[in-house]
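Remarks on the structure that follows.
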Amino acid sequence: MKKRLLAVLMGCVMVIGLAGCGGGTSTGTETETSADTETAADAETSGDPIKVALVYSGFLGDKSFNDLAHDGAMRAKEDFGIEVQELESGEAADWEANFVAMADAGYDLVIGVSTQFQDIMEKHCPNYPDTKFALIDGVSDAGDNVVSTLFAQNEGSFLTGAAAAMFTTHTEIEGVNEEKIIGWVGGMDIPVLHDYFVGFEQGAKYIDPDIQILQSFAGNFTDALKGKELATAQINQGADVIANVANITGIGAMEAASELGVYAIGVDTNQDSLYPGHIITSMQKKVDNCTYQIIESVVNGTFEGGTSTYFNLANEGVDVTDFSVIKEALGDQFPQEIVDKVAELREQIINGEIVVDYYEGYGDPANQ
């Protein structure tokens, strides 16, 4: 079953991509869900549900960032009776057209789901002063009708880097070799992913300054075969733990680790059970809660444009999973000191004893 996941995912991507080539106002794939009920506030005003559009720089079904945003929107739909439409595309040329199409369509709130929409929003949001906009995973200066959200992925990645550096020393575990080499596979070569890597590298070297970290970028988030190829190359160079920050591309990286008998680290959502016994932990980025809170602010009339919200370890906006899946798989072989040390490092970051570096080109999120 595990080995078939890659083929299934790729098939889904092909189907979605073909759907996106159809007609209509958008070149991306549209997924629309209408609300069955209205909120009390809506009923007292226009009687129409609030309309929310999510525009993705990729596809749903990534078991990661995009699926989290979708989950948050669906939870808001259930709670508030909103109407939701989603546009998906893996092609950069579509993202701007999809975003403008939703703004033109008169949605109350249009959400750009990823930092890839930052420039697009700064270009177009001023043209729609009566529309509310939100950028997830970046800061936009597009105007007072835009809210921005940032995540301290560097903090969460510090913890996964530390876990990887500790795990690679346990040669009594099958698949862990004598080399102190770990790997990291990213999607697109963009600042936010470098911020992930800066934290990962710092965490690993905090444990072992001499550890070697292999880094690769796939150039996209939608090519699982490319992710598998890059991870395989790193494993062949001696890496026995591969971290992924690559959405669907990362599924391939984790599949390579599973098939070749080594280990991986998931990202954004809890990916520990995708390949049980081969995923050590996942760095969680609470995009679902972020999306829900943005929509809730529009429903409640508390939306404050021109502001940004920062999600970090301290407010549980990022974290790592609890290692329970790998602990169950390895049994008594699992090194409990990894869990204990990660918990200690988490507290040291929260209380300021450890200051995690950030990628200079990304800027200091805390000061945005």
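The values are calculated or read from the model by the stated rules, or taken from the named source; none is laboratory data. As the structure is a prediction and not an experimental result, all values here were calculated from the model. Cβ sites come from the backbone with ideal geometry, for glycine too, and all protein chains shown count toward neighbours.
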message: Is it the case, given these coordinates, that VAL262 is β-branched (Val, Ile, Thr), touching a Gly at 6+ places or on another chain (Cβ under 6 Å) and over 23 Å from PHE59 (Cα atoms)?
response: yes
message: Take the conditions in contact (Cβ under 8 Å) with a residue 12 or more places away in the chain and either within 19 Å of ALA231 (Cα to Cα) or surrounded by 21 or more Cβ atoms within 10 Å (Cβ to Cβ) (or both) and apply them to ALA165. Does it pass?
response: yes
- prompt: Does ALA134 satisfy the condition of being among the small types (Gly, Ala, Ser), modelled with pLDDT of 95 or more and either crowded, with 19+ Cβ neighbours inside 10 Å or not in a helix (DSSP H, G or I) (or both)?
  reply: yes
Residues of segment 87-135 classified as under 14 Å from GLY306 (Cα atoms) and either in contact (Cβ under 8 Å) with a residue 40 or more places away in the chain or aromatic (Phe, Trp, Tyr) (or both), total: 3
message: Exactly one of these conditions fails for ASP141: (1) assigned by TED's automatic domain parsing to the domain that holds GLN293; (2) surrounded by 16 or more Cβ atoms within 10 Å (Cβ to Cβ); (3) at pLDDT below 95; (4) out of contact with any Pro (no Cβ under 7 Å at 6 or more places or on another chain). Give me its number.
response: (2)
- prompt: Residue check, ASN351 against (1) under 18 Å from the mean Cα position of the chain (by Cα); (2) at pLDDT 95 or above, all met but one. Which one?
  reply: (1)
- prompt: In the set ILE294, ILE235, ILE279, ILE242, which member is buried (at least 24 other Cβ atoms within 10 Å of the Cβ) and in the same structural domain as ASP141 (by TED's automatic domain parsing)?
  reply: ILE294
task: Would you please name the residue that is surrounded by the fewest Cβ atoms within 10 Å (Cβ to Cβ), looking only at residues in segment 301-359 that are among the hydroxyl-bearing types (Ser, Thr, Tyr) and in a loop (DSSP other than H, G, I, E, B)?
output: THR302
- prompt: When segment 230-245 is examined, which residues are found to be touching an Asp or Glu at 6+ places or on another chain (Cβ under 9 Å) and either assigned to a helix (DSSP H, G or I) or of a type in the set (A, V, I, L, M, F, W, C) (or both)?
  reply: ALA231, THR232, ALA239, VAL245
message: So the check is Cβ under 6 Å with 6+ separation or different chains; which pairs have a first residue in segment 217-233 that's closer than 19 Å to PHE197 by Cα and a second one that's assigned to a loop (DSSP other than H, G, I, E, B) and among the acidic types (Asp, Glu)?
response: PHE217/ASP189
- request: Please tell me if ILE207 is more than 29 Å from ASP119 (Cα to Cα), in contact (Cβ under 8 Å) with a residue 40 or more places away in the chain and within 18 Å of the chain's Cα centre (by Cα).
  value: no
- request: Mind listing whichever residues of segment 53-92 are in contact with a strand residue (DSSP E or B) (Cβ under 8 Å, 6 or more places away or on another chain) and part of a loop (DSSP other than H, G, I, E, B)?
  value: SER57, GLY58, PHE59, LEU60, SER64, ILE82, SER89
message: I'm trying to understand the selection: among the residues of segment 147-159, which are in contact with a helix residue (DSSP H, G or I) (Cβ under 6 Å, 6 or more places away or on another chain) and either under 21 Å from ALA257 (Cβ atoms) or in a helix (DSSP H, G or I) (or both)?
response: GLN153, ASN154, GLU155, SER157, PHE158, LEU159
message: Being of a type in the set (A, V, I, L, M, F, W, C), in contact (Cβ under 8 Å) with a residue 60 or more places away in the chain and more than 16 Å from SER273 (Cβ to Cβ) is the filter here; which residues of segment 303-333 pass it?
response: PHE303, PHE311, LEU313, VAL318
